[in-house]
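Asker: Here it is, the structure in full.
The values are calculated or read from the model by the stated rules, or taken from the named source; none is laboratory data. Since the structure is predicted, the reported quantities are computational estimates derived from the model, not experimental observations. When we count neighbours, we look across all protein chains shown, and the Cβ atoms used for this are built from the backbone with ideal geometry, even at glycine.
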């Protein structure tokens, strides 16, 4: 999981390395977007959530039992 800059200097949080079905990926993306009250999408095993929610998402994933770690400083 890392922070990423988008157009116009806006930030986003990228969750990479998801292993599972496309339906599970979409469901997790929906949960993360609801948690952060932000937009985003899920494509090719990656989830992009608009905004700087690195710690919030990391805590959520660890609580749900996913093996997650922060990357990118």
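Asker: On the basis of being at pLDDT 95 or above and over 11 Å from the mean Cα position of the chain (by Cα), does residue 56 make the cut? Steps first, answer last, please.
Answerer: Details: at pLDDT 95 or above: yes; over 11 Å from the mean Cα position of the chain (by Cα): no.
No: the conditions fail for residue 56.
Asker: Test residue 68 against the criterion of being surrounded by 13 or more Cβ atoms within 10 Å (Cβ to Cβ) and not in a loop (DSSP other than H, G, I, E, B), and give yes or no.
Answerer: Numbers: surrounded by 13 or more Cβ atoms within 10 Å (Cβ to Cβ): yes; not in a loop (DSSP other than H, G, I, E, B): no.
No, not satisfied.
Asker: Now for a different question. Step by step: first the residues of the stretch 21-65, then only those that are part of a loop (DSSP other than H, G, I, E, B) and in contact with a helix residue (DSSP H, G or I) (Cβ under 7 Å, 6 or more places away or on another chain), then the one that is surrounded by the most Cβ atoms within 10 Å (Cβ to Cβ). Which residue is that? Before the answer, list the steps.
Answerer: Kept after step one, since they are part of a loop (DSSP other than H, G, I, E, B), are these residues of the stretch 21-65: 21, 37-39, 44-45, 51-53, 64-65.
With in contact with a helix residue (DSSP H, G or I) (Cβ under 7 Å, 6 or more places away or on another chain) added as a condition, the list becomes 39, 45, 51, 53.
Values: 39: 11, 45: 13, 51: 17, 53: 24.
Result: 53.
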